[in-house]
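The numbers here are math on the coordinates, done by the rules we state, and not lab data. As the structure is a computational prediction, the values presented were derived from the model and not from experiment. For neighbour counting, all protein chains shown are included, and Cβ atoms are generated from backbone atoms with ideal geometry for every residue, glycine included.
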Amino acid sequence: MNPKLRNRMQELGIDQDRTERILTALNAGAYDDVQPVVVKEIPEVDGTEVVSASGSLTLRITKQELTRHWGEIAPEIDPVASAQSNDGALEFSYDALRRLGIALYPRTAFGVLNGGSATSYADEKKNRGLSESLYELLAPVFEPMADRCRGKAKGLTPAFVQPDGTEGPTFLELKMRGLLIRAMEHQIRQPVEPPSEPLEPFFQMTSVHNNDEVAAAYKSFKNSPLLEKLIRETGIDITDAATGVQPMLAALTHSEDGVPRRVFESAHGRIDEPLGLPGGHGQNFSVLADIYRELRADGKRLAYLSNVDNLGATVDPATIAYTALTGRQAAFDFSFRTSVDVKGGILVRDDRGKLNCADIGPAVSPEEVARAEAEGKPVLFNCATGLFNLNYLTQNIDSIVNNLPMRISDQDKDAGRYAQAEQVTWEVLGLLEHPLIFGVDKYRRFLAAKLLIETLMTSGISLDHPDYPSSSDPTKDLLGTARQLNAGLHWNLEHSYGMKLSGERWVPKTLDELRDEIQSHEDES
């Protein structure tokens, strides 16, 4: 590789060593056997591997099963004291699981994958692709907001639009506020010196292109009306994030350009011009490896991981306790599919008989999904939220990094004809022997915003307009879906993020209001 090309790769934040390792492996045939997930069947809720968590979650387990692994989670807590004994088994009610999960907050960390900029999120063509008629209806709100979002880090764009039409707080501010409220809940309900601070540190993966922007924003967050008083109240500076910065990978030559494959070096028709591309969120296992190890060394035993743009990805104490009690390697949220869930992964059982995540389109056809739904099978859609056992994760991190499928895909775009190397975080599911799937309520746990138009749907923009697209087919009813998304937003803003509706604006609840709510929940349980 000539020096000019190397220098240009460095300027673009491209990880040259990792790119060369991928190239060497590719040319040696290491990825030849990496095939799309082969779908054997679409699994149903069975109460063992796939558990419904959309209602009041409960657990029945033997004491032998519980004690086999609990000592590695939180030996200072006696979980048996929270259970009822019945026929030689321990039964945990929803309230018992919730109390135990709150007790585990000091053993739990919460992290987000920040991804790249919001340029694709605000792309007009992509948003029109969801529904042309909906786009035209929402264009007066969409277009000026899209102009303000493009080029910004996704987590620093407004998470919703206020009822009065102004832009709400950012995704990252809300995420941090939710964590501080949960930490405050633990401190009020269990006012003893914890082994480590509840749900702290907040950790994240940024990229070489947005890390400085995100870091600068966090300095201003210290004075945010959503965070300032809670930081002082809890003593936790949630903005002091543990951060791993994802480098770029170089685009590779197109498969039709022959072997050996090389670094693509003619981006946009220019000589010695490489193209830096993200290597997928699956790179978090290498980028955040040291952070995962540090969390475990600091006493954490469970770690959440989710995409920054999902307002439904919040701390759920009942599922924390369920995951810890059952000793699972990791637990993942999957929601029941709706009309806006047209791209992404669904839960399948692959040809090895293992639970896996398969993308609609490349791995499982839309027709097959529709056929399963017509037969009454609930299709579970990946919420991109995982809760990992840090003992397992840190002991197996190198194996995960090496064995997570590397997808090499040909591209034909404005920059030219090239190939891209990517790893998908949630394909880790196929590497696990004992994963746990929670079937969750989409409108509480999966308020995703892959497109700006989805954010406007969730915000309830123009829901009363007679031209809002609707259908008697619930899988195509955008109006019905938007109403439920908006109801889910309201629920999460009030219950997860400590906000209240004042006139036509969501504003932060006071510390006294939050204390009263926490105390009333404790009295009820």
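Assign one of three labels to the stretch 414-496, namely rounded, prolate or oblate, based on the Cα gyration tensor with a ≥ b ≥ c the square roots of its eigenvalues; rounded applies when a/c is under 1.5, prolate when it is not and a/b is larger than b/c, and oblate otherwise. Verdict is oblate for the stretch 414-496. Taking other Cβ atoms within 10 Å as a rough exposure proxy, Arg337, Arg270 sort from fewest to most as Arg270, Arg337. Length available on full extension from Arg189 to Arg21: 0.36 nm per residue minus the Cα-Cα distance, which gives 55.5 nm. Over the stretch 1-105, all Cα pairs binned in 5 Å intervals from 0 give whole-percent P(r) values of 2, 9, 11, 12, 10, 6, 5, 8, 10, 11, 8, 5, 2, 1, 0, listed from short to long. Reducing the stretch 147-199 and the stretch 235-270 to their Cα centroids gives an inter-centroid distance of 29 Å.
When Rg is the radius of gyration of the Cα atoms in the stretch 379-525 and Rh is its Kirkwood radius, what does Rg/Rh come to? Ratio value, two decimals: 1.07. Percent of C-alpha pairs per 5 Å bin in the stretch 369-465, short distances first: 2, 9, 12, 14, 15, 18, 15, 10, 4, 1, 0. Rg and Dmax, both from the Cα atoms of the stretch 484-525 and both in Å, are 11.4, 33. Put simply, the convex hull of the Cα atoms in the chain casts, on average, a shadow of 25.3 nm².
When Cys357, Cys149 are arranged by Cβ crowding within 10 Å, least crowded first, meaning fewest neighbours, the order is Cys149, Cys357. Relative to the compact-globule estimate of 2.2 N^0.38 Å, the Cα radius of gyration of the stretch 454-525 comes out at 1.43. Considering only beta bridges that DSSP places wholly inside the chain, some 60 percent are antiparallel.
Counting neighbouring Cβ atoms within 10 Å and putting the fewest first, the residues Ser255, Ser472, Ser496 line up as Ser472, Ser255, Ser496. Rg and Dmax of the stretch 202-304, both derived from C-alpha coordinates alone, stand at 19.4, 61 Å. About its Cα centre, the chain has a charge dipole of approximately 620 debye under the convention of +1 per Lys or Arg Cβ and -1 per Asp or Glu Cβ, with nothing else charged.
When the charge dipole of the chain is built from unit charges on Cβ atoms (+1 for Lys and Arg, -1 for Asp and Glu) and taken about the Cα centre, the candidate among Thr338, Phe264, Ala83 whose Cα reaches farthest toward its positive end is Phe264. With the convex hull drawn around the C-alpha atoms of the stretch 251-333, the volume per residue stands at 185 Å³.
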